[in-house]
1. Taking E115, is it open to solvent by 70 Å² or more (accessible area, probe 1.4 Å) and under 16 Å from the mean Cα position of the chain (by Cα)?
2. Can you tell me how many residues within segment 174-190 are closer than 19 Å to V88 by Cβ and either open to solvent by 70 Å² or more (accessible area, probe 1.4 Å) or not in a strand (DSSP E or B) (or both)?
3. For segment 30-74, enumerate the residues that are modelled with pLDDT of 90 or more and hydroxyl-bearing (S, T, Y).
4. Could you figure out which of (1) polar (S, T, N, Q); (2) surrounded by fewer than 24 Cβ atoms within 10 Å (Cβ to Cβ); (3) in contact with a Leu (Cβ under 7 Å, 6 or more places away or on another chain) isn't true of N141?
5. In the list R171, R163, R150, which residue meets the criterion of being free of Cβ contacts under 8 Å to residues at least 12 places away in the same chain and either open to solvent by 10 Å² or more (accessible area, probe 1.4 Å) or assigned to a loop (DSSP other than H, G, I, E, B) (or both)?
6. Taking A130 as the residue in question, decide whether it is touching a Leu at 6+ places or on another chain (Cβ under 7 Å), among the small types (G, A, S) and farther than 30 Å from E20 by Cβ.
7. Could you list, in sequence order, the residues of segment 133-147 that are charged (D, E, K, R), outside any helix (DSSP H, G or I) and modelled with pLDDT of 90 or more?
8. Where residues in segment 53-88 are within 21 Å of L145 (Cα to Cα) and touching a Gly at 6+ places or on another chain (Cβ under 6 Å), which of them is least open to solvent (accessible area, probe 1.4 Å)?
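The values are calculated or read from the model by the stated rules, or taken from the named source; none is laboratory data. Because the structure is predicted, anything quoted here is derived from the model rather than measured. Neighbour counts run over all protein chains shown; Cβ positions are idealised from the backbone, glycine included. The area values use the complete protein model at the heavy-atom level, side chains included, leaving out ligands, DNA and RNA. Shrake-Rupley method; radii C 1.70, N 1.55, O 1.52, S 1.80 Å.
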Amino acid sequence: MHMGVSTYVSRVAVAGLELELLRPVSPEDLIDEEAFAEDEFLPYWAELWPAATALAEALPDVYGLRVVELGCGLGVTSLVAAAKGAKVTATDWAPEAIELLRANAERNGIALRAEVRDWREPWDERFDLALAADVLYERRNVEPLLARLRELAPAALVGLAGRPYEAELIRQARESGERVEQVGKLLRLGEER
């Protein structure tokens, strides 16, 4: 039990690694009516989404790179990047997600930095590569996501999930003259990595 979240242990094989993860028993039980009323907050972080594992599988050589993940959720992509030698900062706006990620990093002997952060807000740090997987649940988040990805790193990889607002992200990135490459469910923005 972490921060009042009942968990179970799950083994996840991803990108050539075997991770042992604490995961919420019942993500639906984490829905908080007050938090939803305030900012339409739902506990998306509590699920292991296919886009996150696909992004983890598609990571380039990240050894020695400074990598940031926005909306990391359970943090599988961040854990894989850190295990492969990246200096990772994983962020999510749900404190429970960050606490569980820290516990899972320790459980798997992986070093990374995990921070509670709202990626709609600008910040000053810079990285070599920015990551995000399945984070566009609402239209209002397209511009902030694109702004953060550009501001944080010269290159970004976004795991797509077929959500309606992903097409708008791609359109806006192309209109701005950004290098955009879509390969299946993976979107590459900015410099080649």
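1. Numbers: open to solvent by 70 Å² or more (accessible area, probe 1.4 Å): no; under 16 Å from the mean Cα position of the chain (by Cα): yes.
The answer is no for E115.
2. Summing the residues that are closer than 19 Å to V88 by Cβ and either open to solvent by 70 Å² or more (accessible area, probe 1.4 Å) or not in a strand (DSSP E or B) (or both) in segment 174-190 gives 0.
3. Listed by number, the residues that qualify are T53, Y63.
4. (3)
5. Working: R163 fails: free of Cβ contacts under 8 Å to residues at least 12 places away in the same chain; R150 fails: free of Cβ contacts under 8 Å to residues at least 12 places away in the same chain.
Result of the check over R171, R163, R150: R171.
6. Numbers: touching a Leu at 6+ places or on another chain (Cβ under 7 Å): yes; among the small types (G, A, S): yes; farther than 30 Å from E20 by Cβ: no.
So A130 fails the test.
7. So in segment 133-147, the residues charged (D, E, K, R) come out as 134, 138-140, 143.
From the residues that got through so far, the ones that are outside any helix (DSSP H, G or I) too are 134, 138.
Hit for segment 133-147 is D134, nothing else.
8. It comes out as L55.
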